[in-house]
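For reference, the structure discussed in these notes is given below.
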């Protein structure tokens, strides 16, 4: 049996910015525990704007995430993602949307997120990102799709097959993500970014993202979208 560590540690980690020392970081929001198919999980989040603004680009590390101790038939897993919204005058004007939630995906169920007021032109560019937990590699039936108007399409990239998006990967479109260590299989943690361009061939002002899990018991943690405001 796994030993659950104290719940008060759910909202506490250590974080170090590039070249900095580890320091305590306390969560602004902690959600959990939420049980699906007999497995227990939680999510915590914190606004680290000042830390990132002062630390700048580089390697960020996080330690002492609260996960189960001992042995567990279900296994134990944990991870973290830094989501950065930034301004760069050299890049196109974009609509940004961020969902920071925590929703269990029981086998055969899913999550729908509707975004309105995007105002994108036909052929606009964009990206969408997903953070999810406990997706098993090789267990198919999980997908992320986006519908704009009457047009729907599946989001996929080189690391994420169309029918196995929750497959324990960290990825971006067309490139490997530089990280340390860079294990190919993250054993239950997904942080993936997808190209939205093929899904934005027709003009519109709203989009619906659908995350489905037909076999995996998993959790959705974060979804973001960045859509060009004009072509």
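The values are calculated or read from the model by the stated rules, or taken from the named source; none is laboratory data. Just so it is clear, the model here is predicted, and its values are computed rather than measured. Cβ coordinates were reconstructed from backbone atoms using ideal geometry, including for glycine residues, and neighbour counts include every protein chain displayed.
Checking each residue in segment 113-143 for being over 28 Å from residue 75 (Cα atoms) and surrounded by fewer than 19 Cβ atoms within 10 Å (Cβ to Cβ) picks out 113, 114, 116, 117, 119, 121, 122, 123, 125, 127. Screening residue 170 with (1) at pLDDT 90 or above; (2) over 24 Å from residue 61 (Cα atoms); (3) buried (at least 18 other Cβ atoms within 10 Å of the Cβ) gives one miss only, at (2). Considered as a group, the residues in segment 84-103 that are at pLDDT 90 or above and surrounded by 15 or more Cβ atoms within 10 Å (Cβ to Cβ) include one that is farthest from residue 230 (Cα to Cα), and that residue is 99.
Just so you know, in segment 126-143 the residues that are over 14 Å from the mean Cα position of the chain (by Cα) and either modelled with pLDDT of 95 or more or not in a loop (DSSP other than H, G, I, E, B) (or both) include one that is nearest to residue 112 (Cα to Cα), and it is 142.
As for segment 144-155, it holds no residue that is farther than 18 Å from residue 113 by Cα, touching a strand residue (DSSP E or B) at 6+ places or on another chain (Cβ under 7 Å) and assigned by TED's automatic domain parsing to the domain that holds residue 113. Restricting segment 46-72 to residues that are touching a strand residue (DSSP E or B) at 6+ places or on another chain (Cβ under 6 Å) and in a loop (DSSP other than H, G, I, E, B) leaves a set whose member that is modelled with the highest pLDDT is 46.
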